[in-house]
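Everything below concerns the one structure shown next.
The values are calculated or read from the model by the stated rules, or taken from the named source; none is laboratory data. Because the structure is a prediction, the values reported are computed rather than measured. Every residue, glycine as well, gets a Cβ built from its backbone with ideal geometry; the counts of neighbours run over all protein chains shown.
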Amino acid sequence: MADQSPAELLAQADHLARTGRPALARLCAEEAAKQTPDPTDAAGILRRYPAPDRTRARERTN
């Protein structure tokens with residue numbers, strides 16, 4: 001993932017989110033945020049892709 005630009009990572013995150021894979025979308029967003037020099041922009045990226053709720057995910061598998 002590190003050899004991709006933030007724009008490429010966000011395009012992947014959008015696709016993953018639309019196809020029901022929010023955890024993978026978040027990972028792409030986290031990498032894009034790391035590569036984004038402006039802290040405000042980085043925070044905005046992470047807000048667009050919230051971390052999945054682990055409690056609900058656990059409940060679905062039990």
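Looking only at residues in region 11-42 that are polar (S, T, N, Q) and in a loop (DSSP other than H, G, I, E, B), the one that is farthest from D53 (Cα to Cα) is T36. Pairing each residue of region 44-59 that is more than 16 Å from E31 (Cβ to Cβ) and among the small types (G, A, S) with any residue that is at pLDDT 85 or above and not in a loop (DSSP other than H, G, I, E, B), provided the two are 6+ apart or on different chains, yields C-beta distances under 9 Å for A57/A23.
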